[in-house]
Amino acid sequence: MTTPDYISPIVGYRVWQWDVAGLKSLNGEAWCADRPLSALCRADARGFISGLPRFTHDSDQMPHPSCTCGIYAAKALERLRQCGYSRFGVYGEVYLWGTVIEHERGWRAQYAYPKSFTLAPSVLPSSLSTIDARLRTLTAFGTDIFVLHDHQHIALWKKESGYDPTGLDYLITNRETYYVRHLNERTMKPGDRVAILGRGIGLVKDTSPREVTVVLGKLAPLPIARKEIIRDQQNNRWEWNPITAEGSKYASSDLRPSEHQRSEL
């Protein structure tokens, strides 16, 4: 482990949180476009850092070789993938300088500033106007921005010229693909699952503009008002709550077997 004082920056890799408020470290530290991020030590007065051994040092000794303070970056992008950090959606290169402590797989630095950003398609909003508003929080850093697609980096924003034509084409295509997928997810089809809360999972047998027919086990086909069925994105299924349907013709009392079916149960 070495602790040189770098005048010329070295380049490492890291990930960030990114939302409408801007760019943050995974611990919530905000990154500002008008200045580099400076390392802070979070040791308390007794020298404890999240349960780590007791240690304190002067504020001008950051990062300290015997502490855990500093701005972290990996030596290789593959290291981030192995740790699963790519799931946060925004990663990239970062300049490191000042006092830099080298470890086997990365560094801890005194100062840092983004060199480039790469966005996963999943973090891009569907609306082009929303994308533009969100990207302003990144373009303010004056760095190149790429989109990851099929393990390839597509140039989206160039610090010298703004939006790249290839990246714009990708955004437009991705937006169209999103709406087609979203429309397909919102269109109920025969064979789709419907969770009838408190009763079980049924299958859509038939649909019409106003009504959906669902089959639940050996019960008689159940007509349900389409407007009463909602989409559960997390479980990738449709849901209907018989209790909230009481008072309409689509009541929970309809969930009963016919005379013939009762004789078979």
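Just one of the numbered conditions (1) part of a helix (DSSP H, G or I); (2) within 17 Å of W16 (Cβ to Cβ) is not true of G142; which one?
Every listed condition holds for G142 apart from (1).
So if I check each of R14, R35, which one is part of a loop (DSSP other than H, G, I, E, B), modelled with pLDDT of 90 or more and within 23 Å of F146 (Cα to Cα)?
Values: R14 fails: part of a loop (DSSP other than H, G, I, E, B).
Going through R14, R35 in turn, the sole match is R35.
Please enumerate the residues belonging to segment 191-216 that are part of a loop (DSSP other than H, G, I, E, B) and surrounded by 12 or more Cβ atoms within 10 Å (Cβ to Cβ). Quick ask: steps written out before the conclusion?
Within segment 191-216, the subset part of a loop (DSSP other than H, G, I, E, B) is 191-192, 197-199, 208-210, 216.
If the condition is that a residue be part of a loop (DSSP other than H, G, I, E, B) and surrounded by 12 or more Cβ atoms within 10 Å (Cβ to Cβ), then D192, L197, R199, L216 are the ones that fit.
Kindly indicate whether T118 is surrounded by fewer than 20 Cβ atoms within 10 Å (Cβ to Cβ) and of a type in the set (S, T, Y). Full working, then the answer.
Values: surrounded by fewer than 20 Cβ atoms within 10 Å (Cβ to Cβ): no; of a type in the set (S, T, Y): yes.
Here the answer is no, as T118 does not meet what is asked.
Please verify whether segment 89-107 includes one or more residues that are at pLDDT below 90 and among the aliphatic types (A, V, I, L, M). Before the answer, list the steps.
First pass over segment 89-107, keeping only residues at pLDDT below 90: 89.
From the residues that got through so far, the ones that are among the aliphatic types (A, V, I, L, M) too are none.
No, that holds for no residue.
Exactly one condition in (1) among the small types (G, A, S); (2) loosely packed, with under 12 Cβ neighbours inside 10 Å; (3) modelled with pLDDT under 90 is not met by A30; state its number.
With respect to (1) among the small types (G, A, S); (2) loosely packed, with under 12 Cβ neighbours inside 10 Å; (3) modelled with pLDDT under 90, A30 is out only on (3).
Mind listing whichever residues of segment 99-115 are buried (at least 17 other Cβ atoms within 10 Å of the Cβ) and either out of contact with any Asp or Glu (no Cβ under 7 Å at 6 or more places or on another chain) or not assigned by TED's automatic domain parsing to the domain that holds S66 (or both)? If you could, list the steps in order and put the result at the bottom.
Within segment 99-115, the first condition is being buried (at least 17 other Cβ atoms within 10 Å of the Cβ), and the residues that meet it are 99-101, 106-115.
Within segment 99-115, V100, I101, G106, W107, R108, A109, Q110, Y111, A112, Y113, P114 qualify.
Among the residues of segment 38-51, write down those that are at pLDDT 75 or above and either assigned to a loop (DSSP other than H, G, I, E, B) or under 16 Å from the mean Cα position of the chain (by Cα) (or both). Spell out how you get there, then give the answer.
Quick first cut of segment 38-51, residues at pLDDT 75 or above only: 38-41.
Scanning segment 38-51 gives A39, L40, C41.
The values are calculated or read from the model by the stated rules, or taken from the named source; none is laboratory data. A quick note: this is a predicted structure, and the numbers were derived from the prediction, not measured. When we count neighbours, we look across all protein chains shown, and the Cβ atoms used for this are built from the backbone with ideal geometry, even at glycine.
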